[in-house]
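None of the figures in this text is laboratory data; all of them are computed from the coordinates on show. Because the structure is predicted, anything quoted here is derived from the model rather than measured. Virtual Cβ from ideal backbone geometry, glycine too; neighbours counted across all protein chains shown.
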Amino acid sequence: MNGMLSIVLSTLLDIVPILVLVLFFQFVVLRKPIPQARRVFLGSVYVLLGLALFLVGLEKALFPLGRMMASQLSEAEFLGVADLSEAQWHDYYWVYIFAAAIGYATTIAEPSLIAVGIKAEAVSGGSLKNKELRVFVAFGVAIALVVGVFRIITGTYLEYYMLGSYLLAFALTLYSSKDLVALAGDSGGVTTSTVTVPIVTALGLGLTSSIPGRDAALDGFGLLALADPLPMTAVLLYGLYRKWITRTAKTPSQ
Amino acid sequence: MNAIQRGYSTGRKMLLNILRRLKASFMDLLPIILVVAFFQAVVLRQPLPQVGEVIFGAFLVVVGLMLFVQGLEMGLFPIGENLASALTHKGSLFWLLVFSFFLGFATTVAEPALIAVVDEAARVASNEGLIAEGEKAQRNYAIGMRMVVALAVGASIVLGVIRILKGWPIYWFIMGGYGTVALFSFFAPREIIGLAYDLGGVTTSTITIPLVTALGVGLAGSIKGRNPLKEGFGLIALASLVPIVFVMIYGMILF
């Protein structure tokens, strides 16, 4: 009960600075009433209430399970080895599968990505699809988490992975249509939000605490670092896919 | 058609509409349910603890997501777009930039996720002897870091709005920015790098993102010759990039 109250309260606190800012500009700077004020007000209440329910539900149902799984999957007993220092990187195969699956699943449910997807579909006049865009982004996050987990397990340097994935994103940026670069960048930025962060952080902490020789300060942070360039790459690929679809649709098949 | 029939038919339409939205939200949540169920039942082979709690929680998530999406289109999107077009028509660049800065700064400085990460980082930094021991040093470090991140987000929204007004291509910024980040990764203290990446991710809250997106798209839509898809997006990309650079610089100065 206490947890629920604090979630509702922190959602409310989240909106206070925005509310003050919007009201100040609307009434002091612009000196104009808000068009369709009642509808907008009702919508804002929906957003607040919806987000609070969403977070309370996650905290009740999914986060405890997700956290528990993340730590159980990296235990020596589960991996079937006597001691974790004997485990090879490929003994952790269930951890990779879990990382990919949970990365995909949490990204699909990410409210901020839904918001960006709705806008993208609207301003592209329907040539981009909200659902498809999110599926591509989710695949990007899934791959990012698998690579991130591999990095923690092998204890290799984050910098090289970052450099590699940004080079990939850059190469695709140069190659693909420049129209989608801004959307791709935004999609990379919103992937790590409300739903993804808690479970993924638990996964990172579980791994760094159970694998010998890993340091939470050095290795635990940064599991999400690749969840920016790789989804960005995925959106650019989605653009190429849409282009290919429209081209094949235009050419009548023989 | 008489009044009762009409009322009945609108009621039915509304109900169908709600059901359709509920189903959409449920489909968004379904992958998580499947992953958790599969790992619990097949991989870990454990019974689900507190089934009732979990089902009730999942129900809250679905209803919450539905309300959130409905509210976006009724509330947050129109607010952002109206303000963007009103401020451009007023023709006051100054107020537009002030609004942009505070939209970034004010929503970030009090962001609970940011506070949590920064406090944790202060504890780690103090344990490793990077900053002086004691609560005061930790508090100063945490507040300093929060200010740096909030300033960075404010600055990046301002930069992004200027970019939309001028029509500068976003890939200059993205490539230049991430090039800088990659370069700095080799110079900045190792303890700050992972933290810098993580802080880039937690800065924009779920309520800020729709507003910022609507602001960008609204701006690009109300300026002649700008394409909302090509130029309207990109504010969030900058808001998750610039803080990384700022935090790395802060780390290099501090340590």
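Tally Lys and Arg at +1 and Asp and Glu at -1 over the other residues with C-beta under 14 Å from the C-beta of A:Asp179: what net charge comes out?
Local net charge: +3.
How big is the gap, in Å, between the Cα center of the range B:218-255 and the Cα center of the range B:126-155?
If we compute the Cα centre of each part, the gap is 23 Å.
Between B:Leu103, B:Leu19, B:Leu195, which gets the highest mean-square fluctuation from a Gaussian network model of chain B, Cα cutoff 10 Å?
Of the options given, B:Leu19 has the highest mean-square fluctuation.
Would you list A:Tyr104, A:Tyr160 from fewest to most Cβ contacts within 10 Å?
Lowest to highest Cβ neighbour count: A:Tyr160, A:Tyr104.
Pairs A:Lys32/A:Lys131; A:Lys131/B:Lys13; A:Lys60/B:Lys23: which are spaced more than 26 Å apart, C-alpha to C-alpha?
Listed pairs above 26 Å: A:Lys32/A:Lys131.
Report the one residue of B:Val54, B:Val245, A:Ala52 whose Cα lies farthest in the direction of the positive end of the charge dipole of the protein assembly as shown (charges on C-beta: Lys and Arg +1, Asp and Glu -1; origin at the Cα centre).
Of the listed residues, the answer is A:Ala52.
What average count of beta carbons from other chains do you get within 10 Å of the Cβ of residues in A:62-70?
Counting Cβ atoms of other protein chains within 10 Å of each residue's Cβ and averaging gives 5.
Can you tell me, using C-alpha contacts under 8 Å and at least 6 residues apart, the relative contact order of chain B as a whole percent?
Computed over chain B, the figure is 23 percent.
At 7 Å along the Cα-to-beta-carbon direction for both B:Phe94 and B:Lys224, put a label point, then send me their distance in nm to one decimal.
Reported label-point gap for B:Phe94 and B:Lys224 is 2.6 nm.
Using only DSSP helix segments of four residues or longer, with each worth -39500 (n - 2.57), what per-residue ellipticity at 222 nm results for the protein assembly as shown after dividing by its residue count and rounding to 500?
Only helices count here, giving -25000 deg cm²/dmol.
Residue by residue through A:188-196, how many Cβ atoms from other chains fall within 10 Å of the Cβ on average?
6
For A:Ala37 and A:Arg247 in the same chain, what is the full-extension length gain: residue separation times 0.36 nm, less their Cα-Cα distance, in nm?
71.2 nm
Take the Cβ-Cβ distance between B:Gln50 and A:Ser6 as r, set R0 to 22 Å, and report the resulting FRET efficiency rounded to the nearest 0.05.
Efficiency, rounded to the nearest 0.05: 0.60.
How big is the gap, in Å, between the Cα center of the range B:20-45 and the Cα center of the range A:147-166?
29 Å
Sort the range A:73-250 into rounded, prolate or oblate with this rule: let a ≥ b ≥ c be the square roots of the eigenvalues of the Cα gyration tensor; rounded if a/c is under 1.5, and if a/c is not under 1.5, prolate when a/b is larger than b/c, oblate otherwise.
prolate
Quantify how strongly other chains surround peptide A:116-129 by giving the mean number of their Cβ atoms within 10 Å of each of its Cβ atoms.
Mean number of neighbouring Cβ atoms from other chains: 4.
How high is the relative contact order of chain A, in percent, counting Cα pairs under 8 Å that sit 6 or more residues apart?
This gives 23 percent for chain A.
Quick one: if the Förster radius is 22 Å, what FRET efficiency do A:Trp89 and B:Val43 give, using the C-beta to C-beta distance and rounding to 0.05?
My answer for the efficiency is 0.75.
Evaluate the charge dipole of chain B about its Cα centre and quote only its size in Debye, nearest 20, assuming +1 on the Cβ of each Lys and Arg and -1 on the Cβ of each Asp and Glu.
With Lys and Arg at +1 and Asp and Glu at -1, about 1100 debye.
Among rounded, prolate and oblate, which fits the range B:1-65 when a ≥ b ≥ c are the square roots of the eigenvalues of its C-alpha gyration tensor, a/c under 1.5 means rounded, and a/b larger than b/c means prolate?
Since a/c reaches 1.5 and a/b is larger than b/c, the shape of the range B:1-65 is classed as prolate.
Could you tell me whether the range B:72-254 comes out rounded, prolate or oblate from its Cα gyration tensor? Rule is a ≥ b ≥ c as square roots of the eigenvalues, rounded for a/c under 1.5, then prolate if a/b exceeds b/c, otherwise oblate.
Judged from the Cα gyration tensor, the range B:72-254 comes out prolate (a/c at least 1.5, a/b above b/c).
Using the number of other C-beta atoms within 10 angstrom as an exposure proxy, rank A:Thr156, B:Thr107 with the fewest first.
So the residues, fewest neighbours to most, are A:Thr156, B:Thr107.
Dipole of chain B (Lys/Arg Cβ +1, Asp/Glu Cβ -1, origin at the Cα centre): which of B:Asn127, B:Leu44, B:Gly160 lies farthest to the positive side?
It is B:Gly160, whose Cα lies furthest towards the positive end.
Given the options A:Ala171, A:Ile199, A:Gly188, identify the residue whose Cα lies farthest towards the positive end of the charge dipole of the range A:126-201 (+1 on Cβ of Lys, Arg; -1 on Cβ of Asp, Glu).
The Cα lying farthest towards the positive end belongs to A:Ile199.
Per-residue counts of other Cβ atoms within 10 Å, averaged by peptide: what ranking do you get for A:21-32, B:40-51, B:82-93, highest first?
Highest to lowest by the protection proxy: B:82-93, A:21-32, B:40-51.
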